[in-house]
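Report on the structure given below.
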Amino acid sequence: MKIELEQRISAACQELFDAEISVELTRPEEQFGDYSINAALQLAQKLGKNPRELAEALADKLRGDLAEQVSEINVAGPGFVNLKLSDRSLIQLTQAKPAQVFAGKEILVEFGDPNPFKAMHLGHLYSAIVGDAIARLFEATGADVKRLSYHGDVGMHVAKTIWAIQKHPDKTNMQPADFFETDTTAGRYYTVGAKAFEEDEQAAEEIRQINAHIYVQDDTSIKQIYETGCDLSFQYFDRVFSQLGISYTKRYLESDSTKVGLATVNANVGSVFEKSDGAIIYRGEKAGLHTRVFINSRGLPTYEAKDLGLAELKNTDFPQANKSVIITAHEQSEYFKVMLAALSEIDKPLADKTYHIAHGFLSLTTGKMSSRSGDVYAATNLLAAVHDTVKQQYPDVADQTQTDTYLAAIKYAFLKNRIGGDMIFDVQESVSLEGNSGPYLQYAHARARSILAKVDAATELPGGTQLEASERSLARKIGEYAEVVDKTVAELMPHHVCTYLYELAQIFNRFYENNRVIDDPRQAVRLSLVGQYAKILKSGLSVLGIASPDKM
C-alpha cells in the first residue's frame, strides 16, 4: 500500500504542478496521522513558490484522488502533508508482507569464521549472530541464501600452536572434550607459542619453519598434529553453531584459497600489482587507500591474497549469485577496502557484487575478557554464563524454554545495537523480563498466546470494521511491520526490527491494560488484533533467529 500511495501522490504532483519528484511517505507521531510527505517542500525549491500554498493545493487534490484509502488529509508546519488512513486501509495494512525484492535471487552471506587451533571468541559469536540475522532478512524478502564460513586453517597462529604442542607432548590431550575446554587447550598452546615467538628468536625461526611445512604438508609429525587439530576444531565449531541454531551451506579454508590467490596475484603483476623488495604489493594510493603486501618476501600469501582467492572460489561455486556479503569485525574495514580495490581491477563485476559489513567490538560489563588460559574470553564461556543465569532466575521453567530464553537473551542483546558501533554486554540486563530484552519479547508473545488460548480461534478483521482509538493505535503499529523489514533489508541493520518489536509490545501492553478482550462486546475485533499481534511478534523474532515459546 505504501508504494502504491507514493506512486499516486507522485502522479498527482506531476498532474497538478507539471513537476516530477520522488515521493517518500514517512511515519509521523500518531497524533499527526499515519503518513507524512514533504513533497511541497521539494516542489517549492523547483518552482520557486511558497511551500505552504503548494501543500494546500496538493492536499485538496489528494482528498479527491485518495478518498477510498485516506480519511483525513491535513497541512502542517511549513508545508508537510499528513495523511490518516481509513480504518479499512489500516486493517489491510496489518496483513501486509515484506516486499519480495530478492525473490529468485541467490545471495551469499559469509560470517562467523573462527580459525582452527583457536577457541571461538566473543567476536566470532557476535559475527555469527549478526550474519545469521542478515541471512534471515534476505530470506524474508525471497532470496535463496547460501550461508558460508571461511577459516584460517593455515598461518602463523597454527604454527605457533603446533610448536607449543611439540614442545609439551606429555601435557597434550587432543580429544574433542578437552582440546578447547581445559588448561591443556589449543588456546593455551597458542598463547605459549605466541609469547615464545615474540621473546625468543630461535623459537620464532622454528615457528616460521613449521609454518612453511604446513603450507606444503611435507613433514609427517607436523601434518598429523595439523590434521587432528583441524578435525577437533571443526567438531567444536559445529557444536557451538548447532547450539545457536545456525547451519552453513559451505565451509571454505585458507588452504583452499591460497593457491588460487597466489596464482591470481602473480598473473596480475605489472598491471595490478608490483614487486617491491622481494614482495608483491598493491599500491592502494591510486584508489585513495594505502599500499598493502599481497605476497611477502618469503613467497607466502598474506590475508589479502587469500581473500582474492576466496572471492574467486565463491564465484566458481555460485556463479549466479547476485550479492556476496562478508561480515567481520571493523578492524578489518581498511584491509577489505584495499582488497576490493585490487579485485575491482581484476574482475570488476565480481567486486561490484561483493559487500563488506563491519561490526563493532563486544565487551562485558564485568570487564573480564580473558580466560584462565590467557587467551581471549571464549564464546562458550558467555553462552554458559547466560544459560546458568537463566536457570537460576527461572528454575521452574522447562529445559527447552530455558534454552530458548538464554539464546534469545544473547541474540537480542547483540542485535538491538546498530551494527558498526561497539557494545557492552550485560548478562543480567539481557535475561530480564522487564525492559528491552529478548526474554521480554518472548514473554510478550506467550502472553498474547495465553489470551488466544481462551477461545476456539481468532478471526480476521472484516474490511468494514470500525476501530476504536486504542484498537486503531495497535492496528497502526502492527501495520508498520512490513515497512520496517523492507527498511532493515535495504540498510542491512537488524536493530530496526528489534526497536520495532519492543515498541509494538509496549503499545500492546497499554492496549491490554485498558481494554477487556474476552467477554467484551468487541471481543471478535480485539481477538483478531491480538492474533495478528502475536503473529507479527513471532515473525519478527524469527527474523532475528529467536524462538517464540507459547508458554513461559
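We did not get these values from a lab; they are worked out from the coordinates using the rules stated. The model shown is predicted, which means the values in this text are computed figures rather than measured ones. When we count neighbours, we look across all protein chains shown, and the Cβ atoms used for this are built from the backbone with ideal geometry, even at glycine.
Here are the numbers for the structure shown:
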item	result
Total charge dipole magnitude, the chain, about the Cα centre, Cβ charges on Lys, Arg, Asp, Glu only, Debye to nearest 20	520
Calculated FRET efficiency for the pair Gln209/Lys259, C-beta based, R₀ 30 Å, to 0.05	0.90
Within straight-line cross-link reach of Lys146, aspartates and glutamates at Cα separation under 13 Å, skipping those fewer than 8 residues along the same chain	Glu106, Glu110, Asp132, Asp317
Taking the chain and dividing mean pair separation by its residue count, relative contact order in percent (alpha carbons under 8 Å, at least six apart)	14
Positive dipole terminus of the chain, leading residue within Val130, Gly309, Ser297 (C-beta point charges)	Val130
Packing rank of 189-197, 464-472, 380-388, where each peptide gets the mean count of other beta carbons within 10 Å, highest leading	189-197, 380-388, 464-472
HN-Hα J in Hz across the stretch 318-328 - Karplus 6.51, -1.76, 1.60, θ = phi - 60°, x for Gly and Pro	10, x, 8, 4, 8, 9, 10, 9, 10, 10, 9
Distance histogram for the stretch 392-457 (every C-alpha pair counted, 5 angstrom bins, percent rounded to whole numbers)	3, 16, 23, 22, 15, 10, 6, 3, 1, 0
Square roots of five times the Cα gyration tensor eigenvalues for the stretch 379-543, Å	31, 20, 12
Karplus-derived 3J(HN,Hα), 6.51/-1.76/1.60, for each residue of the stretch 516-533, Hz, glycine and proline x	6, 9, 6, 6, 10, x, 9, 4, 4, 5, 6, 5, 4, 5, 4, x, 5, 4
Backbone HN-Hα couplings from phi across the stretch 79-90 [Karplus 6.51/-1.76/1.60, Hz, Gly and Pro as x]	x, 7, 10, 9, 10, 10, 5, 5, 4, 4, 5, 5
Highest-first arrangement of 409-419, 326-336, where packing means the average Cβ count within 10 Å	409-419, 326-336
Förster radius 22 Å - calculated FRET efficiency between Asp399 and Ser432 (Cβ-Cβ, nearest 0.05)	0.60
Placed amide H near Lys146: partners under 5 Å, 5+ positions off or other chain	Ile107, Leu108, Val109
Loop-resident sites, the stretch 1-110, for GluC sites (Glu not before Pro), counting at most 13 other Cβ within 10 Å (DSSP)	Glu20, Glu29, Glu68
Linear extension gain, Asp144 paired with Asn74, 0.36 nm per residue minus alpha-carbon span	20.9 nm
Under-5 Å amide H pairs with Ala99, H placed in peptide plane, nonlocal only	Asp486
Label point distance in nm, Val101-Asp218, each placed 7 Å from Cα along Cα→Cβ	5.3
Virtual spin-label span in nm between Asp519 and Lys487, 7 Å along Cα→Cβ	4.1
Added length on full extension, which subtracts the Cα-Cα distance from 0.36 nm per residue, His330 to Gln92	81.5 nm
Reciprocal of mean inverse Cα separation for the stretch 86-134 (Kirkwood radius, Å)	14.4
Dipole magnitude of the stretch 2-85 about its Cα centre (Cβ charges: Lys, Arg +1; Asp, Glu -1), debye to nearest 20	180
Label point at Val269 placed 7 Å out along Cα→Cβ; residues across the stretch 308-344 whose backbone nitrogen lies under 19 Å	308-309, 342-343
q = 0.09, 0.10 Å⁻¹: log10 I(q)/I(0) that the Debye formula gives for the chain, counting C-alpha atoms only	-0.81, -0.95
Inter-label distance, nm, simple model (7 Å from Cα along the C-beta direction), Glu30/Asp200	6.9
Degrees between helix 399-415 axis and first principal axis of the chain (Cα, 0 to 90, nearest 10)	90
Globularity index of the stretch 289-337, i.e. its alpha-carbon radius of gyration over 2.2 N^0.38 Å	1.32
Dipole of the stretch 379-543, positive direction: furthest Cα of Tyr502, Thr380, Ala413, with charges on the beta-carbon	Tyr502
Amide H within-cut-off set for Phe425, under 5 Å, with H built and near neighbours excluded	Ser363, Leu364, Thr365
